[in-house]
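This report concerns only the one structure given below.
The values are calculated or read from the model by the stated rules, or taken from the named source; none is laboratory data. Owing to the predicted nature of the structure, the values given are computational and were not obtained by experimental measurement. Cβ placement follows ideal geometry from the backbone for every residue including glycine, while neighbour counts extend to all protein chains displayed. Accessible surface areas use protein heavy atoms only, side chains included; no ligands, DNA or RNA. Shrake-Rupley method; radii C 1.70, N 1.55, O 1.52, S 1.80 Å.
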Amino acid sequence: MNWAWKESSWSFFLVVIMVFSIMFVSTEAYDALDPNGNVTIKWDIISWTPDGYVAVVTITNFQAYRHFESPGWSLGWTWAKKEIIWSMVGGQATEQGDCSKFKGTIPHCCKKSPTIVDLLPGTPYNQQIANCCRGGVLSSWVQDPANAAASFQLSVGQAGTKSSAVTLPKNFTLKAPGPGYTCGPAKVVQPTKFLSADKRRVTRALKTWNVTCTYSQFLASKAPTCCVSLSSFYNDTIVSCPTCSCGCKKNITQPGSCVEPDSPYIASVVSGSQKNTPVVQCTSHMCPIRVHWHLKINYREYWRVKVTITNFNYAKNYSMWNLVAQHPNFDNLTQIFSFNYKPLTPYGSINDTGMLWGVKFYNDLLMQAGPYGNVQTELLFRKDKSSFGFEKGWGFPRRIYFNGENCVMPPPDDYPWLPNAGSKQYFSLLTVIIISLTTLVFIIVFA
């Protein structure tokens, strides 16, 4: 009896370990198409003050295709001692905290765990520094590296006046603007070097530490946010997004879970007068974004694809959107229409991944659901005789990301099938037999 109890306890222990292992794997932040992508927070101490220091904090988005949308990033940490923030430029703390013990000059923030946000465009110049004041919006590194970094300056008090006395903050958190990022501990690195405006003098920070944050789609959202549908010129079948790709329609059991296209509430949702109103159009897939890949034309030396991105969200415009597609023929992409394009090579010399985004002031804004809520392009590929073929779904993408989120693909068995030559011969022979029999019967009856 005692042995049986021990055996059952050991089995339970193994099950617990397996469950935790699965949870750990599912929340890991490794991205096969952007294996080195991360967000780096650099903390540079540039001068000492009577009770602390002045530092410039820079957030750099090194992710190839994942950007920070409005309302933008927020950065938090926990002070190691009793530090406070006397003043800030280029950013602000969301809460001041309890500063009642201070007389005379009141600190900007006295919270043990402050949260910092970017300032808005149009901030007075005396409150700005370089790379600030974009409302927390950051581009991805590939799409617009010039706007992929944000900075703010803060004067820290009660922190010590020597390098050895300064203690690194801990428990860094990054939201952009929602969850999904996990930040490691701050690590002291080689001091940053700064080049003067005339490029004739180099200065360096007094002390620098880095924090690296990585993204997990699982942590950001329990459900996917986009799906893929397929069609082709050689088959009349249109393969829709898998049912319940991003959730299931629950208007019967849970009224208001989505909005019907003819709903009278759409106008109020769009205007913003209806708060906490569902904004996703009722569909079988319930995704705010659908990407449709259509094999359009097959030429002698080339083949053409049409890609359409449709927004089913009635209350959101997607700015700085981008699409990442993986297909073995991207190495032979000849022309792309009305989109920007850049190849991604996460595996070195293998060029099978392409990043697409809108042309500025033309289609870089994907409008909310409605008649204008879509953007589209066409891709012209040159045929590689050694690999080209439409059999077994070869012409369709292996995976698609929208704004860095992995979209749900249809099952391979549902892909539009290529007409079988043997089937055509079978039906042709069957037709000949039927015509022959009909003719024979006609001759016998009317002879």
In segment 180-213, residue nearest to Tyr53 (Cα to Cα) [restricted to those that are hydrophobic (A, V, I, L, M, F, W, C), open to solvent by 70 Å² or more (accessible area, probe 1.4 Å) and outside any strand (DSSP E or B)]: Leu206
Selected residue (criterion: surrounded by the fewest Cβ atoms within 10 Å (Cβ to Cβ)) from residues of segment 284-315 that are among the charged types (D, E, K, R) and not in a strand (DSSP E or B): Arg300
Residue within segment 115-129 that is open to solvent by less than 60 Å² (accessible area, probe 1.4 Å), in contact (Cβ under 8 Å) with a residue 60 or more places away in the chain and farther than 30 Å from Asp34 by Cα present: yes
Strands (runs of 3 or more DSSP E) wholly inside segment 316-377 containing at least 2 residues that are aliphatic (A, V, I, L, M): 322-326, 333-336, 353-358
Residue list for segment 126-171, restricted to those being closer than 21 Å to Gly90 by Cβ and either hydroxyl-bearing (Ser, Thr, Tyr) or outside the structural domain of Gly76 (by the TED database) (or both): Ser139, Ser151, Ser155
Identity of the residue in segment 146-162, among the polar types (S, T, N, Q) and closer than 23 Å to Pro107 by Cβ, that ends up nearest to the chain's Cα centre (by Cα): Ser151
Looking only at segment 42-57, and only at residues there that are crowded, with 21+ Cβ neighbours inside 10 Å and of a type in the set (Val, Ile, Thr), the one that is farthest from Lys207 (Cα to Cα): Val56
Scan of segment 327-374 for residues that are open to solvent by less than 20 Å² (accessible area, probe 1.4 Å), under 21 Å from Gly395 (Cα atoms) and within 22 Å of the chain's Cα centre (by Cα), ordered by number: His327, Phe330, Phe339, Leu344, Thr353, Gly354, Met355, Leu356
Hits in segment 85-114 - residues which are under 14 Å from Gln158 (Cβ atoms) and open to solvent by less than 20 Å² (accessible area, probe 1.4 Å): Ile85, Cys99, Pro107, Cys109, Pro114
